[in-house]
Amino acid sequence: MTYYKIQGGTPLFGTVTVSGAKNAAVAILPAALLVNGVCRIENVPDISDVRLLLEILADMGAGIRRLSPNTLEIDCTRVHDAEASDALVRRIRASYYLIGAQLGRFGHAKVALPGGCNFGPRPIDQHIKGFLALGAEVTEQSGYVIATAPETGLYGGRVNLDVVSVGATMNIMIGAVLSNGTTIIENAAKEPHIVDLANFLNTMGAKVSGAGTDVIKIRGVKSLHGGFYSIIPDQIEAGTYMAAAAAAGGDVLIQNVIPKHMDCISAKLREMGAKVTEYDDTIRVQRTARLHRANVKTMPYPGFPTDMQPQIAVCMALASGISVVTENIYDTRFRYCAELNRMGASIKVDTKKAVISGVEKLEGCTVHACDLRAGAAMVIAGLAAQGETIVEDIQYIERGYEDLVGKLEGLGASIKRIEKPDHSAAPAAG
Ligand code: EPU
């Protein structure tokens, strides 16, 4: 088993640089399958989810060159109708983007479905609704999604999403780019990574407009060409360091951020008493006095992101007064609260709500990461707590945070990654 050992109770000081956005990268890399030519992509986070996707693409015949730790060249020109490896696909939820990419490129797709995840079932009916609107036939058979375009190719369609879904919006966009016609996605998600995927596709010759609003229009083109693209900074990674500074205290400059993407998180931390100052591409978070209570309701962008819910809950666990967190995106995403309670927090969970009575201090102990963001919350709790915290199951954390330990050490934290090889595979997440 590999775990993090944290000696907490020390404020954080210094500068940390945010990596490229995980949830943009995990869509852009499969979308490179649509491109005839070399895509040079910068600011690719070096995280295990990305490494896995690159392995999947390489296994399908893509040429991949790493020019630097975060710059890649991907050439999918020679990929011919390859199926993605089941064993690899099942290990990452974002492999659902291979359905849109294979369907768009080859006219048919067969992709193994990843299982559920640690915060409940996550259906893909809205993705399928979109592919049907593009004229595809879609069936689910023995754990696979099988999608086939009409002989004349996918055509444009209009799809009104029943739920605002990040994954469905991006998957339909990927599927529609090379279709014969115009596709309209209504009630589309508006997250920054949706705009980033549209910008990537447009750089390679696609015609996508409206990304970032709730109506996206995709005019199909005959082919995409190679090009150069740089992935946006990760909103949630930035928010995680902001929450860490607020919970542990100190003065942290977070660089390589787009402050506009952070508005909701910055506003909440200010409401709780932290000082948040925005510059062009940096944000400074200072916290000297105890935080105050607040309430949070998770919502699709530009609302408060569900992926920041566990991290802000740690700040609330240490704030004065009673805070309420309402989770509106997933049926359950509060399993981590039991772990925080073992550290001395006082949280009562009632299905979609967590009522958090702030305590003066948390005490270090052994906790485990239930999923990626819950794991980040455990690390933040460990940094803020008195004494030693061991965070287990860090394979979840390393799916989405590049060099978390190095970055926190750079802020003066006492955190070590202790390696004991473990060969069991983690269930899909993210
Ligand atoms: N939903 C459906 N049907 C669908 C798709 C979604 O009912 O076909 C529901 C989901 O069950 C959920 C809601 O719609 O209740 C929103 O789900 P969404 O599709 O937006 O989530 P996702 O695309 O599966 C991505 C991120 C998640 C992040 C969510 C919400 C990736 C790979 N994952 O998931 O990221 O929580 O959007 O913003 O982009 C993470 O990074 O830790 C993470 C879990």
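The values are calculated or read from the model by the stated rules, or taken from the named source; none is laboratory data. For clarity, every value in this text was computed on a predicted model and none was experimentally measured. Positions of Cβ are backbone-derived with ideal geometry, glycine not excepted, and every protein chain shown enters the neighbour counts. The protein model used for the area step is the full one, side chains on, heavy atoms only, and it has no ligands, DNA or RNA in it. Shrake-Rupley method; radii C 1.70, N 1.55, O 1.52, S 1.80 Å.
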What does the convex hull of the alpha-carbon atoms of segment 140-280 project to on average, in nm²? 11.7 nm²
Quick one: Cα convex hull volume of segment 256-327, Å³ per residue? 78 Å³
Could you please state, rounded to a whole Å, how far the C-alpha centre of segment 322-347 is from the C-alpha centre of segment 350-421? 14 Å
With an 8 Å Cα cut-off and a minimum separation of 6 or more residues, compute the relative contact order for the chain in percent. 22 percent
Exposure ranking of Arg105, Arg417, Arg333 by accessible area [1.4 Å probe, largest first]: Arg417, Arg105, Arg333
So which aspartates and glutamates pass the test for Lys110, namely a Cα distance under 19 Å, with those fewer than 8 places away in the same chain ruled out? Glu55, Asp59, Asp81, Glu83, Asp86, Asp125, Glu137, Glu140, Glu151
From most to least accessible, 1.4 Å probe, no ligand or DNA/RNA atoms counted, His127, His108, His80 line up as His80, His108, His127
By the gyration tensor of its Cα atoms, with a ≥ b ≥ c the square roots of the eigenvalues, what is the shape of segment 19-121: rounded for a/c under 1.5, prolate for a/b over b/c, or oblate? oblate
Just to confirm the number: angle between the C-alpha axis of helix 22-31 and the first principal axis of the chain, 0 to 90 degrees, nearest 10? 10 degrees
Would you kindly find the accessible area of Asp393, with a 1.4 Å probe and non-protein molecules such as ligands, DNA and RNA excluded, rounding to the nearest 10 Å²? 50 Å²
Can you give the accessible area of Met1, probe radius 1.4 Å, in Å² rounded to 10? 80 Å²
Angle, helix 372-384 long axis vs. longest principal axis of the chain, Cα atoms, 0 to 90°, nearest 10? 20 degrees
Suppose every Lys and Arg Cβ carries +1 and every Asp and Glu Cβ carries -1, with no other charges. What dipole size does the chain come out with about its Cα centre, to the nearest 20 debye? 600 debye
For segment 140-200, which GluC sites (Glu not before Pro) pass both filters: DSSP loop (anything but H, G, I, E, B) and at most 11 other C-beta atoms within 10 Å? Glu151
Using alpha carbons only, what's the Rg to Rh ratio of the chain with Rh from Kirkwood? 0.97
Under the √(5λ) rule applied to the eigenvalues of the Cα gyration tensor, what semi-axes describe the equivalent ellipsoid of segment 351-390? Give them in Å, descending. 18, 15, 7
Sorted by accessible surface (1.4 Å probe, heavy atoms of the protein chains only), largest first, Asp196, Asp125 come out as Asp125, Asp196
Based on DSSP, what percent of beta bridges with both residues in the chain are antiparallel, to the nearest 5? 70 percent
Convex hull around the C-alpha positions of segment 140-212: the volume in Å³ per residue is 108 Å³
Total charge of the residues flanking Glu237 in space, meaning their Cβ is under 11 Å from its Cβ, with Lys and Arg +1 and Asp and Glu -1, is -1
Please report how many Lys pairs in segment 250-381 have alpha carbons closer than 25 angstrom, counting only residues at least 8 apart along the chain or sitting on separate chains. 16
If I ignore ligands, DNA and RNA and count only protein heavy atoms, how much of Met299 is accessible to a 1.4 Å probe, in Å² to the nearest 10? 90 Å²
In whole angstrom, how far apart do the alpha carbon centroids of segment 282-301 and segment 123-197 sit? 35 Å
